[in-house]
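What follows is a short report on a single structure.
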Amino acid sequence: APSLCSSGPYAHSRNPLYVGNMLMYIGIVLIAGVPNGSFVVAMTAVFFLIQYTLIIALEEETLDTLFGNEYMEYKKNVPPIVPRLKPWAGAKKKRQMSILETLKTEKRTLQNVFLMLLFLFIKISLTV
């Protein structure tokens, strides 16, 4: 990364994509209407929290090396997962990506969501 991104959603959480992914998959579990839904939602949340905690630890080592004090200041002020209500005042303003640029960077996530919804649709269609 050529620069540290600390504005937009990154001014609320250091890992907004992980938060979004976790919420999307919990939503899919809820839409699926699985038996013991509360248990499956809890297990999904635990799975993502464990997975992302490990990934975040590795990523932060790299960010510490790349951005030094700038990242340390950001890290002190912005939580890793649970977003702050107010954006961090020290965030550097950057040009926002267009919706098309954003969709290109998130194509794998969108593919996974589409497949999960397709499987749910097929399941519902077969049981009717």
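For the pair Ser3 and Val82 in one chain, pulling the backbone fully straight at 0.36 nm per residue adds 26.1 nm over the alpha carbon distance. Sorting 76-82, 64-70 by their mean Cβ neighbour count within 10 Å, with the most densely packed peptide first, gives 76-82, 64-70. When the Cα convex hull of the chain is projected onto planes of every orientation, the mean area is 9.5 nm². Straight-line cross-link reach from Lys76 at under 22 Å between alpha-carbon atoms covers these lysines, not counting any fewer than eight positions away in the same chain: Lys86, Lys92, Lys93, Lys94. Taken about its Cα centre, the chain carries a charge dipole of about 400 debye when Lys and Arg each add +1 at the Cβ and Asp and Glu each add -1 at the Cβ. Gain on full extension, evaluated as 0.36 nm per residue between Ala42 and Thr127 minus their Cα-Cα distance, stands at 28.0 nm. Have a look at Met116, Gly37, Ala91 and report the one farthest towards the positive end of the charge dipole of the chain, computed about the Cα centre with Cβ charges (Lys/Arg +1, Asp/Glu -1). Going by the Cα projections, it comes out as Ala91. Carbon-plus-sulfur fraction of the accessible area of the range 24-128, 1.4 Å probe, in percent? Accessible surface attributable to carbon and sulfur in the range 24-128 totals 70 percent.
With R₀ set to 30 Å, the beta-carbon distance separating Leu100 from Ile31 gives a calculated FRET efficiency near 0.65. Applying the Karplus relation 6.51 cos²θ - 1.76 cosθ + 1.60 with θ = phi - 60° to the range 42-56 yields 3J(HN,Hα) values of 4, 5, 4, 4, 4, 4, 5, 4, 5, 4, 6, 4, 5, 5, 4 Hz, where x marks Gly and Pro. Counting only protein heavy atoms and a 1.4 Å probe, the chain has 71 square angstrom of accessible area per residue.
The values are calculated or read from the model by the stated rules, or taken from the named source; none is laboratory data. Bear in mind that the values here come from a model prediction, so they are computed numbers and not experimental data. For neighbour counting, all protein chains shown are included, and Cβ atoms are generated from backbone atoms with ideal geometry for every residue, glycine included. We work out accessible area using only protein heavy atoms, side chains counted, and drop any ligands, DNA or RNA first. Shrake-Rupley method; radii C 1.70, N 1.55, O 1.52, S 1.80 Å.
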